[in-house]
Amino acid sequence: MSTTKSAPKSPKKVSSSQEKMAALGLVSDFDFALHLPLRYEDETQIHTVDSLYPGQSAQLEGVVENVAVNFAHRKQLTATFRDATGKLSLRWIHYYPSQKAQLEKAGLIRIRGEVRGSSMWGFEIIHPKVSKAGETLPDTLTPIYPSTEGLTQPVLRKSILAALSRVQLHDSVPVAIQQKYALPSFSQSIHTLHNPNLGEDTHSLMDKTHPAWERVKFDELLAQQIALHLAREARAKLHAPKLSVENSTLYQRVLNTFGLPLTKAQECVLAEIKQDLQRSFPMHRLLQGDVGSGKTIVAALTAAMVLQNGLQVAIMAPTEILAEQHYLKMQKWFADKEINVVWLSGSLKAKEKREVQAKIQSGEAHLVIGTQALIQKGVEFAHLGLMIVDEQHRFGVGQRLSLSKKGEDTQHDIIPHQLSMSATPIPRTLAMSYLADLDVSVIDELPPGRTPISTRLMVNDRRDELLARLGIDCASGKQAYWVCPLVEESEALQLQTAVDTHHYIQEKLPHLRVGLLHGRMHADEKAAVMQAFATHQIDILVATTVIEVGVDVPNASIMVIEHAERFGLAQLHQLRGRVGRGEAASVCVLLYQNPLSETAKFRLKALYETNDGFEIARRDLEQRGPGEFLGLRQSGEQMLRFADIELDSETLDNAREAAVVMLNDYPQASLEHMQRWIKGREDYLRS
Ligand code: ADP
Ligand code: MG
């Protein structure tokens with residue numbers, strides 16, 4: 001932003017709206033042009049009270065009566081509004097003291113707002129906008145823009161209109177492609193969205209199916225597809241470590257130690273991975289499989305193929321407990337095979353950490369297992385051939401980026417292979433648009449002999465009844481998890497809840513061995529408790545969500561989740577996946593507290609209705625939207641502003657097809673188009 005101009009009359013005010021706009025990403029004229037309305041309001045007509053319906057965004061003219069400050073539940077300002085056809089109530093929960101007097105002497109006014117209530121009991125508008133009656137009505141829809149506190153619609157709109165009058169909106173999509181998909185021109189579309197013409201189809205503008213919206217969404221998706229193609233091409237130019245993976249004896253020996261036949265799905269996935277490893281460029285594969293589908297042994301066998309070539313392999317997991325568990329399994333599977341398996345986590349003492357780091361650097365450590373500590377500074381691999389990331393969706397975008405840089409041999413352009421694993425299935429469209437740079441394999445069957453988990457919903461009042469039942473089941477040899485509620489406001493409170501619950505259950509069931517596991521325990525303690533549970537020294541394990549991912553104790557067949565309504569859908573599915581891993585029929589009890597919100601009902605119902613991780617992911621996506629689903633929202637970066645990859649899957653298909661044509665026939669325009677839409681976001685596409 002230029003600050004060299006002479007000082008304006010009220011410098012503070014001017015710079016503050018400019019700053020606010022800049023914070024919204026609005027700097028250049030083009031930014032303003034692309035700042036499209038969130039929705040539209042129809043202020044073109046005056047409605048009458050007798051024609052209203054609930055939910056309507058209405059504009060009325062009339063008089064106010066009975067203005068009063070009311071103390072019903074909380075202090076509020078109320079009034080009656082009347083026009084020639086009837087009356088309705090007005091209410092302000094926040095108001096200025098002077099507002100009452102103003103309303104009393106207002107006379108004829110115009111009000112605008114959302115109609116609530118019913119024609120039977122009377123309508124109401126909360127916080128109506130009030131203006132003078134009789135002012136000229138606009139003749140087109142009024143756009144409402146995404147804004148921020150202190151930046152009013154009129155100010156924003158004025159800047160947008162000014163920018164629009166200056167900016168050249170040349171078309172970055174060749175006419176041939178516009179015609180093929182029957183798209184209106186870019187310039188026309190942008191102008192229409194900011195200033196809908198008289199008689200434009202209101203409904204399609206509102207719900208974003210108007211051709212002008214279609215054009216914008218197409219452009220956005222096209223840019224993304226071009227970027228993904230380029231990322232993939234760039235990867236194909238990189239070199240991977242040279243591997244020979246046919247007839248790996250190490251593979252065979254690990255498989256023998258595992259001792260069970262692989263499922264068909266596991267075999268297929270391994271065949272795909274084997275092909276990847278033989279190519280000259282790095283593998284970048286996402287292995288999806290529902291909880292319990294057996295991804296860990298696939299990871300071990302993949303590691304074996306790479307280790308056989310004398311290269312190092314790293315396995316990274318998002319929690320210490322899970323990493324530790326992998327460490328124990330790998331130690332077992334790679335025992336007596338001349339493979340040096342080491343453990344690296346943040347909780348190691350400084351001296352131990354340095355020792356492990358030295359072994360990693362010298363190449364003495366072959367298979368390294370750990371947490372995020374693996375990708376931190378100070379960890380230098382001698383010759384990393386493969387990086388495996390378990391539960392990859394749990395890592396932030398930033399972590400995923402630094403991961404892809406680990407082990408790079410920039411001198412020779414050699415990049416290690418990468419295998420990501422996730423139990424949170426990513427729906428096809430999402431994979432195609434965000435992760436098109438990844439190859440995806442799916443394990444679509446569970447190992448044999450599993451009985452489906454039965455899920456029960458139980459209101460919290462029946463907690464003691466449930467405990468009594470649990471007492472009987474566990475006395476007869478079953479094992480149970482008891483997951484304590486999330487307390488989002490405070491970690492300390494969550495910890496306290498776990499401690500209290502542990503105490504309570506032990507008191508109620510004195511004949512059983514009740515253990516406790518939470519995030520604040522020292523790594524050694526955690527490991528000891530997990531070990532005790534795994535070897536059945538503990539009957540009931542009271543835990544916080546530290547057990548959420550990956551934990552594998554096949555004998556545990558009962559899962560109780562307290563205050564299930566506080567958890568997210570994917571999280572509940574993960575927790576439930578801790579049981580149903582052995583021969584015994586498993587049960588998951590979701591304890592909930594009334595009253596339930598609509599979203600909580602939706603989640604619990606979904607969980608009750610299906611065990612299928614893909615279906616759960618679909619519903620989760622439906623409820624949360626793709627950005628949040630991938631953890632992008634946390635990073636404050638939204639990948640798509642206009643298109644919705646689930647709703648606009650047809651446009652996505654078109655954009656995919658068009659991206660190929662653009663890159664082949666119009667390479668210059670492709671780059672221009674991508675830069676126009678994706679400035680500064682290319683990095684995310686690489687993760
Ligand atoms: P996830 O895919 O959730 O990571 P795990 O790898 O932890 O699942 O496997 C779940 C359980 O299934 C483990 O106890 C594992 O030993 C077992 N398992 C994996 N593959 C097979 C198989 N082919 N046959 C029988 N059991 C298997
Ligand atoms: Mg796992």
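Data table
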| read-out | value |
| --- | --- |
| Qualifying residues in region 134-145 (those that are touching a Lys or Arg at 6+ places or on another chain (Cβ under 9 Å) and over 15 Å from Pro196 (Cβ atoms)) - the one surrounded by the most Cβ atoms within 10 Å (Cβ to Cβ) | Gly134 |
| Test for Ser362: is it in contact (Cβ under 8 Å) with a residue 40 or more places away in the chain and among the hydroxyl-bearing types (Ser, Thr, Tyr) | no |
| Exclusive hit being touching a His at 6+ places or on another chain (Cβ under 9 Å) and open to solvent by 50 Å² or more (accessible area, probe 1.4 Å), set His127, His170 | His127 |
| Selection within region 241-275 - in contact with a strand residue (DSSP E or B) (Cβ under 6 Å, 6 or more places away or on another chain) and away from ligand 2 (no atom under 16 Å from the Cβ) | Pro241, Glu272 |
| Among (1) within 16 Å of ligand 1 (Cβ to nearest atom); (2) closer than 30 Å to Ser347 by Cβ; (3) outside any helix (DSSP H, G or I); (4) more than 29 Å from the chain's Cα centre (by Cα) - the single one Arg578 does not satisfy | (4) |
| Residues satisfying the stated conditions in region 581-623, i.e. polar (S, T, N, Q), buried (at least 20 other Cβ atoms within 10 Å of the Cβ) and part of a helix (DSSP H, G or I) | none |
| Options Gln308, Gln312; residue that is open to solvent by 20 Å² or more (accessible area, probe 1.4 Å) and either acidic (Asp, Glu) or more than 17 Å from Lys377 (Cα to Cα) (or both) | Gln308 |
| Breaking point among (1) closer than 24 Å to Ile273 by Cα; (2) buried (at least 23 other Cβ atoms within 10 Å of the Cβ), for Leu344 | (1) |
| Per-region count, region 293-336, residues away from ligand 2 (no atom under 16 Å from the Cβ), touching a Phe, Trp or Tyr at 6+ places or on another chain (Cβ under 6 Å) and assigned to a helix (DSSP H, G or I) | 2 |
| Unmet requirement for Gly577, which otherwise passes all of (1) touching a Gly at 6+ places or on another chain (Cβ under 7 Å); (2) without any contact (Cβ under 8 Å) to a residue 24 or more places away in the chain | (2) |
| Unmet requirement for Glu233, which otherwise passes all of (1) acidic (Asp, Glu); (2) over 30 Å from Trp677 (Cβ atoms); (3) open to solvent by 10 Å² or more (accessible area, probe 1.4 Å) | (2) |
| Whichever residue in region 562-575 is in contact with a Pro (Cβ under 9 Å, 6 or more places away or on another chain), farther than 18 Å from Arg469 by Cα and part of a loop (DSSP other than H, G, I, E, B) and, among such residues, is nearest to ligand 1 (Cβ to nearest atom) | Phe567 |
| Lone unmet requirement of (1) out of contact with any Lys or Arg (no Cβ under 7 Å at 6 or more places or on another chain); (2) at pLDDT below 95; (3) not in a loop (DSSP other than H, G, I, E, B) for Val368 | (2) |
| Selection status of Gln179, free of Cβ contacts under 8 Å to residues at least 40 places away in the same chain, of a type outside the set (Val, Ile, Thr), open to solvent by 70 Å² or more (accessible area, probe 1.4 Å) and outside the structural domain of Glu391 (by TED's automatic domain parsing) | yes |
| Pairs with Cβ under 6 Å, 6+ apart, first in region 91-116 and among the polar types (S, T, N, Q), second open to solvent by less than 100 Å² (accessible area, probe 1.4 Å) | none |
| Of all residues making up region 347-358, the number that are part of a helix (DSSP H, G or I) and crowded, with 17+ Cβ neighbours inside 10 Å | 3 |
| Region 267-292 - residue that is in a loop (DSSP other than H, G, I, E, B) and of a type in the set (Gly, Ala, Ser) and, of those, most open to solvent (accessible area, probe 1.4 Å) | Ser280 |
| For Pro241: the one exception among (1) part of a helix (DSSP H, G or I); (2) buried (at least 20 other Cβ atoms within 10 Å of the Cβ) | (1) |
| Lys264, sole failed condition from (1) exposed (fewer than 13 other Cβ atoms within 10 Å of the Cβ); (2) more than 15 Å from ligand 1 (Cβ to nearest atom) | (2) |
| Conditions (1) away from ligand 1 (no atom under 16 Å from the Cβ); (2) modelled with pLDDT under 90; (3) surrounded by 24 or more Cβ atoms within 10 Å (Cβ to Cβ); number of the one not met by Ile540 | (2) |
| Test: residue in region 98-114 that is assigned by TED's automatic domain parsing to the domain that holds Gly55, among the hydroxyl-bearing types (Ser, Thr, Tyr), farther than 28 Å from Asn197 by Cβ and surrounded by 15 or more Cβ atoms within 10 Å (Cβ to Cβ) | no |
| Qualifying residue in region 549-561 (condition: within 30 Å of Pro595 (Cα to Cα), within 16 Å of ligand 1 (Cβ to nearest atom) and at pLDDT below 90) | yes |
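The values are calculated or read from the model by the stated rules, or taken from the named source; none is laboratory data. Because the structure is a prediction, the values reported are computed rather than measured. Cβ: placed from backbone, ideal geometry, glycine included. Neighbour counts: every protein chain shown. Just the protein is used for accessible areas: all its heavy atoms, side chains included, with ligands, DNA and RNA removed. Shrake-Rupley method; radii C 1.70, N 1.55, O 1.52, S 1.80 Å.
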